[in-house]
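The values are calculated or read from the model by the stated rules, or taken from the named source; none is laboratory data. For clarity, every value in this text was computed on a predicted model and none was experimentally measured. Note that each Cβ is placed from the backbone with ideal geometry, even for glycine, and that neighbours are counted across all protein chains shown. Calculation scope for accessible area: heavy atoms of the full protein, side chains included, ligands and nucleic acids excluded. Shrake-Rupley method; radii C 1.70, N 1.55, O 1.52, S 1.80 Å.
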Amino acid sequence: MTLNRAVAVGCGHYLPERVVENAEFEKSLETSDEWIRTRTGIERRHFAADGEKTSDLATKAALAALEDAGLTGHDIDAIVLATATPDQTFPSTATRVQHAIGMEKGFAFDVAAVCAGFIYALGMANSLIASGQAHRVLVIGAETFSRIMDWSDRSTCVLFGDGAGALVLESRPGNGDKNDRGILSTDLNSDGRYNDLLYVDGGVSSTQSAGVLRMQGQEVFKHAVVKLAESGETAMAKAGITADEIDWIVPHQANLRIITRTAHKMGVPMTRVVVTVQDHGNTSAASIPLALSVARARGQIKDGDMLLMEAIGGGLAWGAATMRW
Ligand code: UT7
């Protein structure tokens, strides 16, 4: 059976210039490089400059992905942009990127699923391509989490960073089996009973302010390992593949201990896991596309490789996707 597959034809990323090493936090907080490294795997992160917005990061990542694909904004039918730190309440950050890349047709919208946002955006883009509503979709994850930090809370402010990654997906005919290139399966989940584990304590209709991030880290950690492994296994089953067929897990980069335990649970060795958390920290929806782009640049992910992507965050919202590059 021939069907439309959403095939990756380009990717790119952008990281703000300012790099903040763990040691910088020692000046203002009771913390240490040693604690941050051993509990999270994070060594440094990038922070956006004053006035640098999520759409600026997203646009640079989008242009890099378009260049990688040999395309321009005119060739794109839709933008799906995952972010929890939009420039404005409205319009969508996606439409700002649409304008900035010179895309004058089609449609653009944001997806709000926090750290799982890129997986959700992939799911939406895949549906648009599978149903024939779009031929080429730009999928972006972009965040400026430095704008929603409580700088006096050492349990959260050392964890996050800013950045953006983008992927160009193009409709190509496939046979409907696991040998096809493109997205083979997605698995999306959320459970609002866990809203209080990870949230921002402000918002337009509640406090009329942006608020700052609050997290019960240990609780999120426990859910993460179980739910990510379950979702990863569901995504593999939907695609008809097993763990030994995965060339690369490209996980959400929140904590190296979560990444390691999840891979172990799924039976994939760390030699086949893309790790960027040491350099980026947790960039929420940007972390997977950033990792994809860095791994392509490192020569890790090659054409034809089978990928498993997985992420979890506020909601709780979580999911996984399999894709043959
Ligand atoms: O991307 C969205 C999904 N988010 C995640 O996946 C995050 C999941 N959670 C985690 O990654 C981890 O739970 C954290 C990294 C947030 C925390 O690590 P932990 O090993 O769970 O530490 P903890 O919260 O149990 O805290 C242990 C100790 C506490 O001190 P006491 O009570 O034992 O005296 C904390 O106060 O570590 C202390 N602590 C710190 N110490 C130095 C917390 N943050 C820091 C810090 N520096 N920055």
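Annotations
- Protein heavy-atom surface of the chain, 1.4 angstrom probe: 50% of the accessible area is carbon and sulfur, with nucleic acids and ligands not counted.
- Over 20 Å (Cα to Cα) - which of LYS178/LYS302; LYS178/LYS238; LYS265/LYS302 fall in this group: LYS265/LYS302
- Computed from the Cα positions only, the extents of segment 188-317 along the three principal axes stand at 48, 29, 23 Å, in decreasing order.
- The residues neighbouring LEU57, those whose beta-carbon lies less than 13 Å from its own, together hold a net charge of -1 under the Lys/Arg +1, Asp/Glu -1 convention.
- What the Cβ-Cβ distance of THR271 and LYS302 gives, at R0 = 22 Å and to the nearest 0.05, is a FRET efficiency of 0.90.
- Computed accessible area, HIS135, all protein chains, 1.4 angstrom probe, square angstrom: 80 Å²
- Cα-Cα separations in segment 259-313 greater than 16 Å, expressed as whole percent: 43 percent
- Relative contact order of segment 20-106, pairs being alpha-carbon contacts under 8 Å that are 6 or more residues apart, as %: 26 percent
- Solution diffusion estimate, µm²/s, Stokes-Einstein, segment 94-186, Kirkwood Rh from C-alpha pairs, 20 °C, viscosity 1.002 mPa s: 139 µm²/s
- DSSP beta bridge pairing in the chain, given as percent antiparallel to the nearest 5: 75 percent
- Over segment 3-174: Kirkwood hydrodynamic radius from C-alpha pairwise inverse distances, Å: 16.8 Å
- Percent of beta bridges antiparallel (DSSP, segment 3-174, rounded to nearest 5): 70 percent
- 15 Å tail of the calculated P(r), segment 116-165, as % of Cα pairs: 58 percent
- Average accessible area per residue (Å²) across the chain - probe 1.4 Å, nucleic acids and ligands excluded: 40 Å²
- Contact order relative to length of the chain, as percent, for alpha carbon pairs under 8 angstrom and 6 or more apart: 26 percent
- Considering only the Cα atoms of segment 87-244, their convex hull presents on average a projected area of 11.6 nm².
- Annotation for segment 245-274 versus segment 140-185: alpha-carbon center distance of 16 Å.
- For q = 0.14 Å⁻¹, Debye-computed log10 I/I(0) when each Cα of the chain counts as one equal scatterer: -1.03
- Cβ-Cβ distance of ARG193 and VAL226, R₀ of 22 Å, FRET efficiency by 1/(1 + (r/R0)^6): the value works out to about 0.90.
- Taking Lys and Arg as +1 and Asp and Glu as -1, the other residues whose beta-carbon sits under 9 Å from that of PHE25 total -2.
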